[in-house]
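Reviewing the structure listed below.
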Amino acid sequence: MVVRHLFNASLIPTLAMILAILLLLGSTSLHANEVSAALNKNVVTENEIVQLTVRADFSDTGTGPDFSPLKRDFDILSQSQNSQFSFNLGTNKALSFWVVTLKPKAVGNFQIPSIKVGNETSNPLYLEVKPARQMTDTNGNPLVRLEFKTDTLQPYVQQQVKLTLELFSAAPLQNTKLSTPNHPNLLIERLSDDQIRYEDINGTSYQVLTREYIAFPQRSGSVQLNNQTVDAILSTSSGRRAITVKSSTIDLDVLPIPASYGNTNWLPTDALAIKSQLTTSLDTPRVGDTLNWTIDISAHGVLGEQLPTINFDSTRAYKLYPTPPKFDTRKSSAGVTGRESINIEVVPTEAGTLTLPKVEVIYWDPTERAVKSVSAMTNTMEIAALPSIAATEISSSPQTPTPEPSQTIDNNEKTSEPVAPISLKKPNKVTEPSVPSDAEPAKLNVVLETQQSTPIPWVTILAIALIVMGTTGLLILLRRQRQHPRSETDEQVPTLQEFAPLTSQDESSAFNQLLNGCRNNDLSTLRLNLLEWARHRWGSDSIRGVEDIKRLANNPRLTQLLMEAELVMYSDTASTQWNGEALANTLEEYATGQKKPSQASQLKTLYPNF
């Protein structure tokens with residue numbers, strides 16, 4: 001018994017140390033790494049903030065949690081971090097906390113995804129966002145309201161669309177931030193400065209701020225304008241509060257250029273006017289004088305650059321010398337008005353009544369959805385002939401003096417005819433002394449007698465000199481042409497084939513090249529490929545441009561797609577946004593004469609029971 005007692009007593013310190021080590025190791029091994037997440041609220045209202053807390057109970061957290069998945073549904077307003085360390089009975093514990101302030105972007109039920117910290121992830125959470133209860137006055141009307149309106153929901157391509165934002169506020173607002181409408185397929189521009197008015201609605205007095213924009217659709221199809229927002233600080237009797245108010249969305253159905261339009265210059269407007277006037281500073285304009293022809297064109301709802309450039313040809317009755325047109329765009333509360341001013345110098349070449357051609361512009365009326373035209377006639381003007389040389393001499397020479405009684409006038413001469421400035425006659429016969437027969441014959445004296453004292457007019461001398469010079473030059477020219485006849489090769493003009501030879505072998509290869517360019521959405525080669533294929537199909541003599549292809553093809557769908565491609569080609573929109581698949585399909589249908597099956601019919605063939 002004594003021996004056993006001594007043995008147990010000697011083992012007690014060793015056993016106690018072993019037990020303490022085991023307890024320490026056991027407490028450390030029982031504690032596993034863990035990440036947890038929690039929300040301070042599970043149900044919030046719109047525009048209300050919520051706090052997310054993430055806790056990691058281990059020290060090796062790496063770079064911290066990844067909150068990027070939250071940005072899809074929330075705005076991260078702030079973020080903070082805290083760490084704690086504890087030691088108790090030989091055990092240590094490290095805790096890390098991250099607190100994130102979030103603001104939901106919309107109304108609905110949202111899942112906060114698992115947050116990863118180091119190699120561990122948290123559990124997902126769920127949050128319900130209810131619509132914010134509008135702040136109303138005693139009449140039940142909202143204190144702040146935002147309306148987003150348009151004057152048309154079905155505009156045509158490049159037709160003016162008027163957008164209006166109206167902010168109704170029944171209480172003072174501070175730090176107001178109003179959003180701006182935007183869309184990649186719309187050209188949007190501010191129309192005018194903000195307008196403020198006051199209006200009573202259902203017993204509530206509102207201050208209404210109106211902001212207007214104009215938009216021009218660049219492509220046909222569906223265009224959705226997102227709801228607009230206003231962020232402000234609202235001051236009420238109970239204090240100040242940050243608010244965010246949203247408007248409704250606007251859905252536009254942009255219509256393409258109608259196939260029945262036919263004109264190459266697309267002009268959608270509901271009002272067009274033309275003014276044409278011919279003026280001069282001369283009292284009696286004559287042949288060769290310069291007249292001024294002014295043409296002013298104005299159209300509502302289009303930019304000045306959208307108006308067509310009008311060209312006129314000279315005729316036998318007049319010559320035209322136009323100057324480059326001037327374009328201008330003016331804004332008003334009704335929208336924009338494009339203006340074009342054309343100035344042409346007119347030189348008449350024939351005497352009589354000068355009549356200039358009619359000025360006509362074709363356009364599309366979006367309201368009545370019909371092709372219309374406006375024309376204007378120019379005022380006529382009487383053109384006098386140039387004065388003749390004889391009349392010039394009479395008007396420039398002094399009046400013939402009355403002859404003296406001693407002077408005699410031949411009764412056979414007509415006094416109304418002009419007297420020749422000089423005459424050639426023999427002297428009067430006088431009695432001479434007799435002369436021997438063998439003497440030399442007397443010389444004939446030629447006497448030039450002037451009938452008038454007026455000097456020779458310079459106009460006559462100049463006219464005679466010009467006639468002599470012109471006749472001499474004409475004789476020399478005719479003689480040279482007889483000596484050096486022009487060869488036939490000198491008059492030959494290079495043909496279109498010689499000037500721009502075809503690069504493809506036949507129509508099939510040119511057509512395949514055209515289809516490949518369309519399906520690759522290569523707008524830069526569309527015009528060249530079209531002309532190459534068309535010259536194979538109809539001949540080089542019949543094709544001068546894309547307009548000849550539209551005329552010869554006589555296909556409304558093909559004409560519409562070509563006009564839309566030209567709009568993209570000459571607009572500010574990047575040409576990479578053009579999709580040529582529809583044009584390629586239409587070209588195949590035109591060339592083969594067979595309509596391509598739709599996607600629904602293909603599915604019906606593959607799956608009869610579909």
| query | Mean shadow of the stretch 507-598, computed from the convex hull of its alpha carbons, in nm²? | reply | 5.8 nm²
| field | For the stretch 132-204: Kirkwood Rh in Å [reciprocal of mean 1/r, alpha carbons] | value | 15.1 Å
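With 26 Å as the limit, write out which pairs from 326/358; 71/162; 331/372 have Cα-Cα distances beyond it, or answer none.
On the way: 326/358 20 Å; 71/162 34 Å; 331/372 24 Å.
The pairs that break the limit, which is 26 Å between Cα atoms, are 71/162.
Highest first, please rank the peptides 261-268, 555-562, 345-352, 311-318 by the mean number of other Cβ atoms sitting within 10 Å of their residues.
Numbers: 261-268: 17.2, 555-562: 18.9, 345-352: 15.8, 311-318: 12.4.
My ranking of the peptides, most packed first, is 555-562, 261-268, 345-352, 311-318.
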| message | Which trypsin sites (Lys or Arg not before Pro) in the stretch 40-72 sit in a loop by DSSP (not H, G, I, E or B) and have at most 12 other Cβ atoms within 10 Å of their own Cβ? | response | 41
| field | Three principal axis lengths of the stretch 271-383 [C-alpha, angstrom, descending] | value | 47, 26, 21
| remark: When all Cα-Cα pair distances of the stretch 94-150 are considered, the percent exceeding 16 Å is 67 percent
| field | Local net charge near residue 317, Cβ-Cβ under 13 Å (Lys/Arg +1, Asp/Glu -1) | value | -1
| note | Expected unfolding gain across residue 36-residue 467 under the 0.36 nm per residue rule, minus the alpha-carbon gap, is 143.9 nm
| Restricting the stretch 101-164 to trypsin sites (Lys or Arg not before Pro) in coil, as DSSP defines it, with at most 11 other Cβ within 10 Å | 133
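For the stretch 144-254, go through all pairs of different Cα atoms, get the mean of 1/r, take its inverse, and jot down that Kirkwood value in Å.
On the way: mean 1/r = 0.0662 Å⁻¹.
Every distinct Cα pair counted, the radius reaches 15.1 Å.
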| Residue-wise, which Karplus ³J(HN,Hα) couplings in Hz belong to the stretch 543-551, taking 6.51 cos²θ - 1.76 cosθ + 1.60, θ = phi - 60°, and x for glycine or proline? | 10, 10, x, 5, 5, 5, 5, 4, 5
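If you average over every viewing direction, what projected area does the convex hull of the Cα atoms of the stretch 35-130 give, in nm²? Numbers along the way, then the final one.
Numbers: hull surface 25.0 nm².
Its Cα hull, projected and averaged over all orientations, spans 6.2 nm².
Could you compute the net charge surrounding residue 195? Neighbours are other residues with a C-beta less than 9 Å from the C-beta of residue 195; K and R count +1, D and E count -1. Don't skip to the end; give the middle numbers.
On the way: positive: 197, 211; negative: 193, 194, 212.
The answer is -1.
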| message | Can you tell me, using C-alpha contacts under 8 Å and at least 6 residues apart, the relative contact order of the stretch 144-254 as a whole percent? | response | 35 percent
| said: Net charge around residue 119, counting only other residues with Cβ within less than 15 Å of its Cβ (Lys, Arg = +1; Asp, Glu = -1)? | reply: -4
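Values quoted throughout were computed directly from the atomic coordinates according to the rules given, and no laboratory measurement underlies them. All of these numbers come straight from a predicted model, not from anything done at the bench. Quick reminder, even Gly has a Cβ in these numbers, built from the backbone with ideal geometry, and neighbours come from all protein chains shown.
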